[in-house]
Ligand SMILES: Cc1cc2nc3c(=O)[nH]c(=O)nc-3n(C[C@H](O)[C@H](O)[C@H](O)COP(=O)(O)O)c2cc1C
């Protein structure tokens, strides 16, 4: 078994400390495992430029490589993630969300590891509708994995870390990783603070153990630490909710599923049906909904664009010129 700890924090600071404590727990669960730790601070990971080269390569029958990876350290982290069976991922909260480097990595990693999108293309290769050999694609990239998320914030409560663990979830859902924990570590404004909180350290060890034990055993459940608020979404275990005004329907912004909101004895209650839970974003059904939706989008837009192509090209050039003339700044 390969176990990987990733810290997006400062070297030897709080994210490092907590991820390493979770790795101690992982070792308790499997003393023979190969364990690696990586701190990303010194890695140069640029943003996704939206060039589309990965998707175009896939459509041409090739691997969906990130061409930007030739220029920076992205592959260092991607290769480690592909190697791992169990992952502990810790990131500091910067302005309510995980630090930007995490998101830059996710934008380039997670979309290219969307299980439904890849299998959709491979099915088309098999029927001859798309070029390429389906069996050439390295499907071991989608091997079974467990992951646990630790969000590290300086604030004393969840109030200023509100989108920490929620955003960490976007790393693992496209390749359908099984989430064993998401944990808000608050009060982490001073380096070394975790060592002064034995319950926190114990929780990290438990997270490590569950991330390993949950790999082969479905009876090992998601970690719900004592003293933390109750979850609302039973799939991602988060408490964020999108209200659809004028209705009692709400959505989990992480899983994309609908729930019903009610007030019982003066308290808000949200229920997500079994059917909705089965179409959460991190399931094959949920990912496939999106693959299908994107194909539908192309079918709607392509004829419209083709019918107006000349006019659209002209208009775009004119409006760029209008802007430069009126406002003045060229990029
Ligand atoms: C630019 C910046 C923004 C921050 N924003 C938040 C925040 O919104 N909420 C919070 O709880 N902590 C915030 N913090 C505090 C860090 O999350 C905290 O110090 C954490 O321990 C840093 O992780 P590290 O020790 O692993 O580097 C911020 C820190 C920095 C540098």
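The values are calculated or read from the model by the stated rules, or taken from the named source; none is laboratory data. None of the values given here were measured: they were computed from a predicted structure. A quick note on method: Cβ atoms are made from the backbone with ideal geometry, for glycine too, and the neighbour counts reach across all protein chains shown.
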> Could you say whether any residue in the range 184-199 is surrounded by fewer than 12 Cβ atoms within 10 Å (Cβ to Cβ), closer than 29 Å to residue 24 by Cβ, in contact (Cβ under 8 Å) with a residue 12 or more places away in the chain and more than 16 Å from the ligand (Cβ to nearest atom)?
Replying inline: yes
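May I ask you to list the residues in the range 62-81 that are in a loop (DSSP other than H, G, I, E, B), free of Cβ contacts under 8 Å to residues at least 60 places away in the same chain and either more than 20 Å from the chain's Cα centre (by Cα) or surrounded by 19 or more Cβ atoms within 10 Å (Cβ to Cβ) (or both)?
Going through the range 62-81, the residues in a loop (DSSP other than H, G, I, E, B) turn out to be 62-66, 71-73.
Now restrict to residues that are free of Cβ contacts under 8 Å to residues at least 60 places away in the same chain: 64-66, 71-73.
If the condition is that a residue be in a loop (DSSP other than H, G, I, E, B), free of Cβ contacts under 8 Å to residues at least 60 places away in the same chain and either more than 20 Å from the chain's Cα centre (by Cα) or surrounded by 19 or more Cβ atoms within 10 Å (Cβ to Cβ) (or both), then 64, 66, 71, 72 are the ones that fit.
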>> So, in the range 11-45, how many residues would count as being part of a loop (DSSP other than H, G, I, E, B), away from the ligand (no atom under 16 Å from the Cβ) and surrounded by 14 or more Cβ atoms within 10 Å (Cβ to Cβ)?
In response: 3
>> Going residue by residue through the range 46-54, is there one that turns out to be in contact with a strand residue (DSSP E or B) (Cβ under 9 Å, 6 or more places away or on another chain) and farther than 20 Å from residue 207 by Cα?
In response: no
> Just one of 179, 232, 250 is more than 16 Å from the ligand (Cβ to nearest atom), touching a residue at least 40 places away in the same chain (Cβ under 8 Å) and surrounded by 11 or more Cβ atoms within 10 Å (Cβ to Cβ); which is it?
Replying inline: 179
>> Quick check on the range 200-211: of everything there that is within 15 Å of residue 5 (Cβ to Cβ) and surrounded by 23 or more Cβ atoms within 10 Å (Cβ to Cβ), which residue is farthest from the ligand (Cβ to nearest atom)?
In response: 210
> Of the numbered conditions (1) away from the ligand (no atom under 16 Å from the Cβ); (2) surrounded by fewer than 18 Cβ atoms within 10 Å (Cβ to Cβ); (3) modelled with pLDDT under 95, residue 137 satisfies every one except a single condition; which is it?
Replying inline: (2)
> Inside the range 84-123, can you point out the residues that are more than 16 Å from the ligand (Cβ to nearest atom) and in a strand (DSSP E or B)?
Replying inline: 86, 87
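Listed here are the residues, each with its yes/no results for (1) touching a strand residue (DSSP E or B) at 6+ places or on another chain (Cβ under 8 Å); (2) on the phi > 0 side of the Ramachandran plot; (3) in a loop (DSSP other than H, G, I, E, B).
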| residue | (1), (2), (3) |
| --- | --- |
| 151 | yes, no, no |
| 159 | no, no, no |
| 170 | no, no, yes |
| 183 | yes, no, no |
